1. Identify all residues within the range 2-42 that are touching a Lys or Arg at 6+ places or on another chain (Cβ under 8 Å) and open to solvent by 20 Å² or more (accessible area, probe 1.4 Å); write none if there are none.
2. What residue, of PRO76, PRO31, PRO64, is under 21 Å from SER137 (Cα atoms) and not charged (D, E, K, R)?
3. I need the full set of residues from the range 140-158 which are open to solvent by 20 Å² or more (accessible area, probe 1.4 Å) and among the β-branched types (Val, Ile, Thr), in order please.
4. Are there strands (runs of 3 or more DSSP E) fully within the range 272-348 with at least 1 residues that are charged (D, E, K, R)? List them.
5. Identify all residues within the range 48-66 that are exposed (fewer than 11 other Cβ atoms within 10 Å of the Cβ) and hydrophobic (A, V, I, L, M, F, W, C); write none if there are none.
6. If you go through the range 257-277 one residue at a time, do you hit one that is closer than 19 Å to VAL91 by Cα, under 27 Å from the mean Cα position of the chain (by Cα) and open to solvent by 40 Å² or more (accessible area, probe 1.4 Å)?
7. Going by the structure shown, is GLY320 at pLDDT 90 or above and crowded, with 23+ Cβ neighbours inside 10 Å?
8. Does THR311 fit the bill of being open to solvent by 10 Å² or more (accessible area, probe 1.4 Å), touching a residue at least 24 places away in the same chain (Cβ under 8 Å), in contact with a strand residue (DSSP E or B) (Cβ under 6 Å, 6 or more places away or on another chain) and within 21 Å of LEU236 (Cβ to Cβ)?
Amino acid sequence: MNPLTLIVWCMALGAVAAVVLARAGDFLARPGRSRLRALAWHASVFLLVLLLSGVLREAAHPAPVRLQLLQALAGPLCVAMANFWIHGWLVAGRRDRPMAGLLRLFAFVLPVLGVAILRLPPEQQLPAAAAASLAGSALTCWLTLRAWIFGDRLALPMAAGCLLTLPALAGLYALAMHLGQWSALEQAGVALCATLANALTGRMLWRRERHLGRTREAAGVPALDPVTRVHSAAALVKRLVASRRRRRGSRREGALVAVTVFDAGRIANQVGAAGLDEVWMTLAARLQREVGVANPVGRYWDRCFVAVVETIPTPAWLSGFGLRLARSLRQPIEVTGRDGEPEQVQVDVGVGVLHLRAFHAEAEDVLHEVQRLAEAARSMASRAATRDGASGAPVPVEEACWGRRQRRRERGAPATLALHRG
């Protein structure tokens, strides 16, 4: 490594280290699991570049055997951490079962592969580590792009960051294996890919985290609805129409959720207009948490919230989801009373859950239907209703039939099968 290339890689390490320090400061100021994961991810990128670029070899002169061991483990472990981290970032467990399964699988398999690679002959260890790392990184890139197709707007820039990781990994391992003669300009290109990938993924992680933080606090930048900071009715309808178009192309199934509040007048008399606004903000925040930050939530009218769940793992998943949502929304809400003292409010809500197939009705029709289900839920013990596949009548979500049984009933098959319990 000549002085020019050493300067190039030191500059790249400095850029990565700046992100690590910023993340460390953020974690110390506001400790949290997501911030710790982000700090660990950026630190692993710094160590990966340090080990594979040759800077550590020039600076500390470690034993060749020990350095190769670290280089063989660095790539698979770093990519495994990325898969584990992006699984949560994409909310993969809620939106797509194959996506969630593949990310979890590679997150566990890659470290095992890294250890198994150490049993190979020394000359085969780095090529095997490079192949495993590139395979895992390519999978991450593809699944992130898939999430964008399913409607996650932040996933496209994240996919671009993952795409930049591929030439960065390939170039770093090629340098570690001393493949060919690399000019300073070529090494600068690899360093730039690594730096941009780290910066772009870090930026997207921070934006998602900020969005989630705003949701949890029921605050954030002003949106079209001045009280709850969620989509207005018009914006929500646009998102639903766009979701319907994407669903027709991807042939994925989703859901529409409506939450209707029945006792707004009583709450206003109890705690006043300001206290009622706090109730609206809390309900919107709870609904957003349950559906995930990637799915749009809007205030359809003053006492009704609607959320679009872009993709679901299976239709049967909606039973448990509807019960969890109803239970969360019915928890007491602490607001500021008329006298300025904290006061707990119990909200009377109904939750409607409508299964959206790849080819479903127009936006106005499904919005009308899901509101009908939310109204009907008021008379049910669970306060969560869905549509019966045979009659179309509202039924409690825990008594709904999903999947093949529902399709058979919709075709008129005898309803002799036992009900699926969510």
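1. Within the range 2-42, the first condition is being touching a Lys or Arg at 6+ places or on another chain (Cβ under 8 Å), and the residues that meet it are 23, 26-27, 35, 38-39, 42.
Residues satisfying the conditions are ASP26, PHE27, ARG35, LEU39.
2. Working: PRO31 fails: under 21 Å from SER137 (Cα atoms); PRO64 fails: under 21 Å from SER137 (Cα atoms).
After ruling out the rest, the residue left standing is PRO76.
3. ILE149
4. Values: elements: 297-301, 304-309, 333-336, 342-345.
Correct list: 297-301, 333-336, 342-345.
5. The first filter runs over the range 48-66 and keeps only residues exposed (fewer than 11 other Cβ atoms within 10 Å of the Cβ), leaving 60-61, 63-66.
The answer is ALA60, ALA63, VAL65.
6. If we filter the range 257-277 for residues that are closer than 19 Å to VAL91 by Cα, which is where we start, we get 257.
Checking the rest, the ones that are also under 27 Å from the mean Cα position of the chain (by Cα) come to 257.
Now narrow it down to the ones that are open to solvent by 40 Å² or more (accessible area, probe 1.4 Å): none.
Taking every residue of the range 257-277 in turn, none turns out to be closer than 19 Å to VAL91 by Cα, under 27 Å from the mean Cα position of the chain (by Cα) and open to solvent by 40 Å² or more (accessible area, probe 1.4 Å).
7. On the way: at pLDDT 90 or above: yes; crowded, with 23+ Cβ neighbours inside 10 Å: no.
Against the criterion (at pLDDT 90 or above and crowded, with 23+ Cβ neighbours inside 10 Å), GLY320 does not qualify.
8. No; evaluated as a whole, the condition is false for this residue.
The values are calculated or read from the model by the stated rules, or taken from the named source; none is laboratory data. Since the model is a prediction, treat every value here as computed from it, not as a measurement. Ideal geometry is used to build each Cβ from the backbone, glycine not excepted, and the neighbour counts take in all protein chains shown. Just so you know, the surface numbers come from the protein's heavy atoms only, side chains and all, with ligands and any DNA or RNA stripped out. Shrake-Rupley method; radii C 1.70, N 1.55, O 1.52, S 1.80 Å.
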